[in-house]
Every structure is written in structure tokens, then in C-alpha cells.
Amino acid sequence: MMLVLRECIKAQSGNGLQDPLPKPYATKSSRNFSNVIGWEKGLTPKAPTGFTVTRYADNFENPRWFCVLPNGDVLVAESNSYHPFFEKVGAVIIGANKSNNLRKSADRITLLRDANQDGTPEIRHTFIEDLNQPFGMLVLRDWFYVANTDALWRYPYSPGMTTLDPKKSEQILTLPAGKVNRHWTRNIIANAEGTKIYIAVGSASNVAEKGMEVEILRADILEINPDGTALKVYASGLRNPVGMDWEPQTKSLWTVVNERDELGDDLVPDYFTRIVENGFYGWPYFYHGQHKDDRIKSRVPPTIEKSLEPDVDLGSHTASLGLVFYNHTSFPKKYQRGAFIAQHGSWNRSILSGYKVVFVPFENGKPAGNEEDFLTGFIADLGKERVHGRPVGLTVLKDGSLLVADDTSNVIWRVAVSH
């Protein structure tokens, strides 16, 4: 898959070469949902030579996202979509996954503890339940934060806790709900100083077909103080930003973004980009810089002078969601300070795309080469659209191993260096 860097696009344009993106509707828009068959006993995803893939834990209900606590405990947000479109025509779940459906959300966070550090957690607790599509999580000072689809909550927290007291919870911010609209996930991340929290909120629609009035505080990354005050839009025009992380060298914020649908197989590529404060990234008026979306009939607001070009092209309809920079030393040097991205796979391409974890190398704080397949084997039969699972959340443990949440097969995979 091609990596399109901002510099590459500018170089091609300067030499009079053809725009690297195809024209809209070069192919027809497709609905192509995968059939999830699960993983037979002993079968795992495939990592490069020198790595081992094992089951870290299983028997979840849609494990979506991670948070590693200061003591090394792993929190798993179990939640799912309620979108009526996907309820009617969503992915077919067969075989080992008949219990997995798109109308049910476990709405809980589960704690896993690997006390003897053997790579398998022996302690498992319900950390908190009865939530509302929980997703992003973080610990900041004496508080645990969780982003539901409609609000940001915090709970008193001290190291080693295995459960939270819901009676002591505090809602600090109302968010635009995603239960009846597209893009329900709400990811959160704090800066290194712990003075700001950033919230990724996707759009309510594909390309503002419901009107911009329902998109207030959506398709944005928001910024707040830890107590919920001083709300501002940090960056906008991001159709569905999900994974966020800090690049280790420059300390800049990066995100992966799901771009728009229904323009054909190869439009519009999802992307991975550095976030510039007050930057505008195009949605819904433009994509990948100054490519105008002719489906948008309303005038471009006069406050928008230019749409920023994304840094890395991740392929169209890959549903790139999970993101983590590898800021550890146990993996080989080529992976250190680079970015792992989980591609959940999408429904809007005639041939399945995504369904893997890819790696983007970095040097001096910038992407430094083509993306590489890192964890594959999720597609069981491409011709029959059969997949074993769909990778989504990523995190790195204190021992340097990589965890991958496979939300449709209800498994968490651990990738470690072979010994």
C-alpha cells in the first residue's frame, strides 16, 4: 500500500505529475460486509519473524480500547455500536461468534492483572459497569477518566484499585451523543504536564447530509482542563478521529482519521497525521488537502482559508482506528519510536481492505518510509469475505509487548519478541 507524505504530494504537483488520488466514482460505491468466523483453537494472527503471538485474554464482549494503569494493570473497554444502519445491514457474524451483534453493548470496563508477569493475566475484575458506550480512558493524578459516547466522567482513583465506586462519579463534560448517529467513540488523551485533556469526536454523518447544525463539536479534537472547564476546539475538519498518541521525539499530537464513504473503492483514503493547533483538515468540504467534495452544496465558510494535507495515506476504507507509538526498547530498533496502527476493516469497498495492524517507521519525529504489514492473518478467505476477527485497540505493556484488541472475536492478542 502506498504511503503518501505531504512532501511527496507537493513534489509531484511541482513536477506537473498527475494527482495521486483517483477521480470520484472511478468505481461504484460498494456495500461489502465481512463475515466473522472467529479463530479455531491454536490459530493466531501472524507477526514478522522474531515475534510470537499469543492469546492474552478472551471471552469478552467487544473489547474495543485499552488503558494501562500505573501499576501495569490493563483496562479493557467493552462496548459497541448502536447505529441503525449497521443493525440492518451490518457485518454477518457466524460460526464461533453468534453472540456478537451490533445492537448490544456490554457498557463496562474490565481490569486484567498479570501479577507474576508471565504474559497471561490471572486476575480479572469488573472495574466499572452500567456505562454508556465507554471508550477512551486515562488516569490523571487522583482521578480515573472515562469517555462515554455522550459525556466525560471521572472517578476518585488510587493505585491498585480493582473496582470503582459509581456513587462517587462526577460528570465533567457533556459530549454530543453518538448512539443514533455515526461515529460513537470518544477517545481521550492528556498532555505530559497533565494540564489538558484532548477528546476525539467523530462526525454525526458521512458528509454533513444531516446539516452542519448537528455537527457542532463534532469532527473535532476538543481540548479541556482536567476539571472539564475551558472547552475549545483544538483542531477541526477531522471526519472521524479515533486513535491519538504523542510522537516521542517532538512531543506533537498525532491521530488516525476515518475519511468519508461512497465515492468509490479508492476514495477517500484514511490517514495518519500530526495535529496542528487550530488546524482545519477539510471535512466535509475538502479531502486530502484541497480536493473539493462536490456533494457539499453549502458554501465554504469564509473563516476557512485552507485545508491541511494529511501526512500519511492509510488506504481507502481501511477503518484505521488504533494508534500507539512504540516508545520502548524490547522490539528491534527499526520499530522504536515508530507507530503501530490497527485497521479494523470497512464496509465500503468491493474487495476487503484493512483487517491488519500496520507499522509506520519514524525518524527525527517524522514518517520515514512506507507503511509495513505487521500483524496479518485476520482475513480467512478474501473471495468469500470471511475474516477471523477485526483488530481495533492497541497498547504497549511495561514489558514492551504489544496488545491488540480483536473486538469481533472477543480476543486480546499479545505480540512479543521471541526468546
Self-check item: Calculated FRET efficiency for the pair LYS167/LYS366, C-beta based, R₀ 30 Å, to 0.05
Solution: 0.05
Quiz item: Once amide H atoms are placed 1.01 Å from N in the peptide plane, what residues at a sequence separation of 5 or more from TRP65, or on another chain, have their amide H within under 5 Å of its amide H?
Solution: ALA77
Quiz prompt | Lys/Arg +1, Asp/Glu -1 at C-beta; region 162-267 dipole; positive extreme among PRO241, ASN191, PRO226 | solution = PRO226
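Once a ≥ b ≥ c are taken as the square roots of the eigenvalues of the Cα gyration tensor of the chain, is the result rounded (a/c under 1.5), prolate (a/b larger than b/c) or oblate (a/b not larger than b/c)? It would help to have the intermediate numbers written out before the result.
Numbers: a/c = 1.36, a/b = 1.20, b/c = 1.13.
Cα axes put the chain in the rounded bin.
How much length is gained on full extension from THR52 to TRP143, taking 0.36 nm per residue of separation minus their Cα-Cα distance? Show your work: numbers first, answer last.
On the way: separation 91, 0.36 × 91 = 32.76 nm, distance 3.52 nm.
Working it through step by step, the gained length comes to 29.2 nm.
If a/c stays under 1.5 just call it rounded; otherwise compare a/b with b/c (prolate if a/b is bigger, oblate if not). Do that for region 104-234, with a ≥ b ≥ c from the square roots of the Cα gyration tensor eigenvalues. Don't skip to the answer; put the middle values down first.
On the way: a/c = 2.17, a/b = 1.61, b/c = 1.35.
Prolate, because a/c is 1.5 or more and a/b exceeds b/c.
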Quiz prompt | MRE, 222 nm, helices only [DSSP H, n ≥ 4, -39500 (n - 2.57), over the chain, to nearest 500] | solution = -1000 deg cm²/dmol
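Residues of the chain: accessible area per residue at 1.4 Å, in Å²?
Values: 17520 Å² over 419 residues.
Accessible area per residue: 42 Å².
Is the C-alpha gyration tensor of region 279-383 telling us rounded, prolate or oblate? Criteria: a/c under 1.5 is rounded; beyond that, a/b larger than b/c is prolate, otherwise oblate. Walk me through the numbers on the way to the answer.
Working: a/c = 3.36, a/b = 1.42, b/c = 2.37.
Since a/c reaches 1.5 but b/c is at least a/b, the shape of region 279-383 is classed as oblate.
Calculate the dipole size of the chain relative to its Cα centre from +1 charges on Lys and Arg beta carbons and -1 charges on Asp and Glu beta carbons; express the result in debye to the nearest 20. Don't jump to the answer; show the numbers that get you there.
Working: 47 positive and 49 negative charges, 88 e Å.
Its charge dipole is roughly 420 debye.
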Self-check item: Integer Hz, Karplus 6.51/-1.76/1.60 couplings in order for region 20-26, x for Gly and Pro
Solution: x, 8, x, 6, x, 6, 4
Quiz item: In terms of Cα to Cα distance under 28 Å, which lysines are near enough to LYS306, apart from those fewer than 8 places away along the same chain?
Solution: LYS10, LYS23, LYS196, LYS210, LYS232, LYS251, LYS292, LYS297, LYS366
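Of all the Cα-Cα pairs you can form in region 211-288, what percent are over 15 Å apart?
On the way: 1781 of 3003 pairs.
More than 15 Å apart: 59 percent of the Cα pairs in region 211-288.
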Quiz prompt | Stretch gain in nm, segment GLU305-VAL276, where the contour uses 0.36 nm per residue and the Cα spacing is subtracted | solution = 8.9 nm
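The values are calculated or read from the model by the stated rules, or taken from the named source; none is laboratory data. From a predicted model like this one, the values you see are computed outputs, not experimental measurements. Every residue, glycine as well, gets a Cβ built from its backbone with ideal geometry; the counts of neighbours run over all protein chains shown. Just so you know, the surface numbers come from the protein's heavy atoms only, side chains and all, with ligands and any DNA or RNA stripped out. Shrake-Rupley method; radii C 1.70, N 1.55, O 1.52, S 1.80 Å.
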